[in-house]
1. Are there any pairs with C-beta distances below 7 angstrom linking a residue in segment 67-83 that is open to solvent by 10 Å² or more (accessible area, probe 1.4 Å) to a residue that is among the basic types (K, R) and part of a strand (DSSP E or B), with the two at least 6 apart or on different chains, and if so which?
2. Starting from segment 223-236, take each residue that is among the polar types (S, T, N, Q) and list its partners that are surrounded by 19 or more Cβ atoms within 10 Å (Cβ to Cβ), counting only C-beta distances under 8 angstrom and pairs at least six apart or across chains.
3. Considering only residues of segment 145-160 that are open to solvent by less than 10 Å² (accessible area, probe 1.4 Å) and outside any strand (DSSP E or B), which is farthest from D89 (Cα to Cα)?
4. Tally up the residues in segment 211-233 that are more than 27 Å from A193 (Cα to Cα) and touching a Ser or Thr at 6+ places or on another chain (Cβ under 8 Å), please.
5. Residues in segment 269-276: is at least one modelled with pLDDT of 95 or more and in a helix (DSSP H, G or I)?
6. If you check every pair at least six apart or on different chains, which have Cβ atoms under 8 Å apart with a residue in segment 142-165 that is over 19 Å from F199 (Cα atoms) first and a residue that is open to solvent by less than 10 Å² (accessible area, probe 1.4 Å) and among the aromatic types (F, W, Y) second?
7. Any residue at all in segment 183-204 that's within 21 Å of F136 (Cα to Cα), in a helix (DSSP H, G or I), open to solvent by 60 Å² or more (accessible area, probe 1.4 Å) and not small (G, A, S)?
Amino acid sequence: MLSFIALALLAYALPIECQNLLKHKVNIIILAGQSNMAGRGGVANETSTGIGTWDGVVPPQCQPNPSIFRLSADLAWVKGREPIHADIDARKTDGVGPGMSFANAVLTKDPNFGVVGLVPCAVGGTTISQWQKGEFLYEQLVKRAEMAQQSGGVYRAMLWYQGEADTVNEEDVELYKGRLKTFFDNLRSDLHAPLLPIFQVILASGEGPYIEEVREAQLNIGLPNVKCVDAKGLPLEPDGLHLTTQAQVRLGEMLADAYLRFKPRSLQSNNVPTPCSNFVPFFIITAQFLWIILT
């Protein structure tokens, strides 16, 4: 009875153009992490003020689609459009991220996929310790994901891109792998989705000198249904930290390819910890693409 009342209230609160979502099974894709997931493609800092400005350029691969929605900061389904995290990572200037490119690529390659419901949760500059259970970011992620599910959605995956802020000091690096495992385990438990597919982006850059050490921790996470997509080699903005617009487009497509190839593993098959599976390095994809063109 309570769930019926919640759905009725949610339907009343939704914009008319989005109320039809309640008639469909929404495929929930959680977007979490820090600035490169929130999106800084096309964002440049104004040298005199230091305030970022977005150039407003939205590539064709990131254009709105009638089948793509996003959960807004006030927990309403609205049409998905860049910047996806504008009202979530609200203290920063957001630009193009991988979310819209991912969703459009999935729908292009699988026209029968249905409605995509993006749930943006990423916040720039955050460390893995800020994503632990009990912290604000963690609790907000769970709240937003649960609301998306209560509106008729089904958890399909989480796209996770974080770690740049944990490359600064050695202690954070040593604790990173354990904290990351704890975060993934707690999230799956609290969402009642023990085999939730997680597509983890392996760092392309960092704020400190320990980039390779964090990458190693990410690659060797040893949890079932955690797939790795390597962003190393993708073009960066002049700040040397954030992916460019075209890099974000490519990353979204790489994540979509990994998602569509995904074959879930049972908990029983993970008796022995294994490195991050389905590792997709950018340089191999690039080489394959060039080979196709040349032949």
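The values are calculated or read from the model by the stated rules, or taken from the named source; none is laboratory data. Please read these numbers as outputs of a predicted model, since none were measured by experiment. Ideal geometry is used to build each Cβ from the backbone, glycine not excepted, and the neighbour counts take in all protein chains shown. Note: areas computed on protein heavy atoms with side chains; ligands, DNA, RNA excluded. Shrake-Rupley method; radii C 1.70, N 1.55, O 1.52, S 1.80 Å.
1. F69/K79; V78/R70
2. Filtered contacts from segment 223-236: N225/L196; N225/P197; N225/I198.
3. S151
4. Total meeting the criteria: 3.
5. no
6. Close Cβ pairs (under 8 Å, with a partner that is open to solvent by less than 10 Å² (accessible area, probe 1.4 Å) and among the aromatic types (F, W, Y)) amount to S151/W77.
7. Among the residues of segment 183-204, at least one is within 21 Å of F136 (Cα to Cα), in a helix (DSSP H, G or I), open to solvent by 60 Å² or more (accessible area, probe 1.4 Å) and not small (G, A, S), which makes the answer yes.
This table checks each residue for (1) over 25 Å from A247 (Cβ atoms); (2) part of a loop (DSSP other than H, G, I, E, B); (3) at pLDDT 95 or above.
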site: F4; (1), (2), (3): yes, no, no
site: L10; (1), (2), (3): yes, no, no
site: L21; (1), (2), (3): yes, no, no
site: I30; (1), (2), (3): no, no, yes
site: M37; (1), (2), (3): no, no, yes
site: S48; (1), (2), (3): yes, yes, no
site: P64; (1), (2), (3): no, yes, yes
site: R70; (1), (2), (3): no, no, yes
site: D74; (1), (2), (3): yes, yes, yes
